[in-house]
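J.: One structure, as structure tokens, below. Some questions next.
The values are calculated or read from the model by the stated rules, or taken from the named source; none is laboratory data. Every value quoted in this text rests on a predicted model; they were computed, and no experiment measured them. Cβ placement follows ideal geometry from the backbone for every residue including glycine, while neighbour counts extend to all protein chains displayed.
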Amino acid sequence: MTIPNSVTNIGASAFYNCRGLTSLTIGNSVTSIGNNAFQNCTGLTSLTIPSSATSIGDMAFSGCSGLTSVTIPNSVASIGEYAFAYCTGLANVTIGNNVSSFGKLAFAHCTGLTSVTIPSSVTSIGASAFTGCTGLTSVTIPDNVTSIGSSAFYNCTGLTSITIPSSVTSIGNSAFGGLRSLTATIQTDKIATNSSSNWGTIFSSNTGLKVIFSSNVTSIGERAFYDFAGLTSITIPNSVTSIGGWAFAYCTGLTSVTIPSSVTSIGSSAFEGCTGLTSVRFQGSSTNLSTGLFPGDLRAKYFASGIGLYTRPNGSSETWTKQ
């Protein structure tokens, strides 16, 4: 089907549930595609969106399970909620460089989607925007993004690495939840952490999580990963000068940690209850280490013997030995 150039907008639900529609070319005078315009057009396999279009409405192409590829032109500034949700056959999507935000669940449950590059024009990724995209193995978040909504990439079980840029100031709960063996590079230290909201809630239900803080991070906040058993590895760069209280307390999956020489302050109970922790390397000298900082007698042993590697035979042992 070809929508002629005389048409300037496609109304809400205009072709809703037209399951026999297989191809669609939209005329180059159309500026808006309405809500639910092509929802559940399950036979649609080919789609051309013209460069005249500026907006794609809520659920505009939701449920178009036969759609395999979509190019969103540079003219489009906004993608509505659920716009391409449940397009399970969608394997490739190109997003134009004028889009500033994705609505919630914009590409949710597009299980065939394997990679996505978010353009530098985007500043906000909506809640659950890519949730349930189980085939997604690669995603690039640009430096201009300031907020990532709750569950934005929840249950994207194919993702093995993610970089969170320094521009990000807000991340919703479970934004990267439900993942397996993820390596997360964190370039921002602007995320406020507390007893109810921290990196642990952002990565909720992860197993085998490895976190690398990049060299522009200068502090790790209080309760950053408090009580997060899924954390198995943490890399702290030489740029970090302070680690907040309870930052890694009760991270029972953590087995080793290196404290760089740049760290001059570690808050109370930062590693308390880390029952899996059996190896700690101190690369510098610090006298500002709060009580209850580590399990067992490690704090006392460090004050007595200084820089070096300390180990204990198992998580139940209270006795640490300098190697």
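J.: Which of (1) under 28 Å from the mean Cα position of the chain (by Cα); (2) modelled with pLDDT of 95 or more; (3) surrounded by fewer than 20 Cβ atoms within 10 Å (Cβ to Cβ) does A12 not meet, given it meets every other one?
T.: Only one criterion in (1) under 28 Å from the mean Cα position of the chain (by Cα); (2) modelled with pLDDT of 95 or more; (3) surrounded by fewer than 20 Cβ atoms within 10 Å (Cβ to Cβ) is unmet by A12, namely (1).
J.: I've got another one for you. I need the full set of residues from region 105-148 which are under 14 Å from G172 (Cβ atoms), in contact with a strand residue (DSSP E or B) (Cβ under 6 Å, 6 or more places away or on another chain) and not aliphatic (A, V, I, L, M), in order please.
T.: S124, G126, S147
J.: Looking only at region 148-165, filter to residues that are β-branched (V, I, T) and either in a strand (DSSP E or B) or in contact with a helix residue (DSSP H, G or I) (Cβ under 6 Å, 6 or more places away or on another chain) (or both); which one of those is nearest to Y86 (Cα to Cα)? Working first, answer last.
T.: Keep residues of region 148-165 that are β-branched (V, I, T), which gives 148, 157, 160, 162-164.
When the remaining residues are screened for being either in a strand (DSSP E or B) or in contact with a helix residue (DSSP H, G or I) (Cβ under 6 Å, 6 or more places away or on another chain) (or both), the result is 148, 162-164.
Working: I148: 21, I162: 23, T163: 26, I164: 26 Å.
Within region 148-165, the match that is nearest to Y86 (Cα to Cα) is I148.
J.: How about region 15-50: which of its residues are within 18 Å of V99 (Cβ to Cβ), at pLDDT 95 or above and of a type in the set (S, T, Y)?
T.: Those that are within 18 Å of V99 (Cβ to Cβ), at pLDDT 95 or above and of a type in the set (S, T, Y): T31, S32.
Yes or no, residue by residue, for (1) surrounded by 15 or more Cβ atoms within 10 Å (Cβ to Cβ); (2) at pLDDT below 95; (3) of a type in the set (A, V, I, L, M, F, W, C):
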residue: A249; (1), (2), (3): yes, no, yes
residue: T252; (1), (2), (3): yes, no, no
residue: S256; (1), (2), (3): yes, no, no
residue: F271; (1), (2), (3): yes, no, yes
residue: T278; (1), (2), (3): yes, no, no
residue: S285; (1), (2), (3): no, yes, no
residue: F294; (1), (2), (3): yes, yes, yes
residue: R299; (1), (2), (3): yes, yes, no
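J.: Identify, please: which residue in region 230-246 is in a loop (DSSP other than H, G, I, E, B) and in contact with a Lys or Arg (Cβ under 8 Å, 6 or more places away or on another chain) and is, among those, surrounded by the most Cβ atoms within 10 Å (Cβ to Cβ)?
T.: Filtering region 230-246 down to residues in a loop (DSSP other than H, G, I, E, B) leaves 230, 236-241, 244-246.
Those left that are additionally in contact with a Lys or Arg (Cβ under 8 Å, 6 or more places away or on another chain): 244-246.
On the way: G244: 20, G245: 19, W246: 25.
For region 230-246, the residue satisfying everything is W246.
J.: Return the residues of region 15-59 that are under 31 Å from the mean Cα position of the chain (by Cα) and not in a loop (DSSP other than H, G, I, E, B); say none if nothing qualifies.
T.: S32, I33, S46, L47, T48, S55, I56
J.: Quick check on this structure: which one of V168, V145, V139 is part of a loop (DSSP other than H, G, I, E, B) and closer than 19 Å to I95 by Cα?
T.: Details: V168 fails: closer than 19 Å to I95 by Cα; V139 fails: part of a loop (DSSP other than H, G, I, E, B).
Answer to the selection: V145.
J.: Same structure again: Starting from residues that are surrounded by fewer than 23 Cβ atoms within 10 Å (Cβ to Cβ) and among the basic types (K, R), keep the ones in region 182-229 and report whichever is farthest from the chain's Cα centre (by Cα).
T.: K190
J.: Identify all residues within region 31-75 that are buried (at least 20 other Cβ atoms within 10 Å of the Cβ), farther than 22 Å from G132 by Cβ and among the β-branched types (V, I, T); write none if there are none.
T.: I33, I49
J.: Can you work out which of the residues in region 110-123 that are without any contact (Cβ under 8 Å) to a residue 40 or more places away in the chain, buried (at least 16 other Cβ atoms within 10 Å of the Cβ) and in contact with a Ser or Thr (Cβ under 7 Å, 6 or more places away or on another chain) is farthest from S62 (Cα to Cα)?
T.: So in region 110-123, the residues without any contact (Cβ under 8 Å) to a residue 40 or more places away in the chain come out as 110-111, 113, 115-123.
Still in the running and buried (at least 16 other Cβ atoms within 10 Å of the Cβ): 110-111, 113, 116, 118-119, 121-122.
Pick out the ones that are also in contact with a Ser or Thr (Cβ under 7 Å, 6 or more places away or on another chain) and you get 110-111, 118, 121-122.
Numbers: C110: 10, T111: 13, I118: 20, S121: 24, V122: 21 Å.
My answer is S121.
J.: With respect to the numbered conditions (1) touching a helix residue (DSSP H, G or I) at 6+ places or on another chain (Cβ under 8 Å); (2) within 27 Å of T163 (Cα to Cα), which one is the sole condition not fulfilled by Y310?
T.: Y310 satisfies all of (1) touching a helix residue (DSSP H, G or I) at 6+ places or on another chain (Cβ under 8 Å); (2) within 27 Å of T163 (Cα to Cα) except (2).
J.: Here is a list: D227, D189. Which entry is more than 19 Å from L277 (Cβ to Cβ), in a loop (DSSP other than H, G, I, E, B) and touching a residue at least 12 places away in the same chain (Cβ under 8 Å)? Before you say what the answer is, go through the steps one by one.
T.: Numbers: D227 fails: more than 19 Å from L277 (Cβ to Cβ).
Selected residue: D189, the only one of D227, D189 that is more than 19 Å from L277 (Cβ to Cβ), in a loop (DSSP other than H, G, I, E, B) and touching a residue at least 12 places away in the same chain (Cβ under 8 Å).
J.: Which residues, taken from region 1-14, are polar (S, T, N, Q) and assigned to a loop (DSSP other than H, G, I, E, B)?
T.: Once the filter is applied, which keeps residues that are polar (S, T, N, Q) and assigned to a loop (DSSP other than H, G, I, E, B), region 1-14 yields N5, S6, T8, S13.
J.: Among the residues that make up region 139-151, is at least one of them more than 14 Å from the chain's Cα centre (by Cα) and either of a type in the set (V, I, T) or over 19 Å from L209 (Cα atoms) (or both)? Give the steps one after another, and end with the answer.
T.: Going residue by residue through region 139-151, those that are more than 14 Å from the chain's Cα centre (by Cα) are 144.
Going one step further and asking which of them are either of a type in the set (V, I, T) or over 19 Å from L209 (Cα atoms) (or both), we end up with 144.
Yes.
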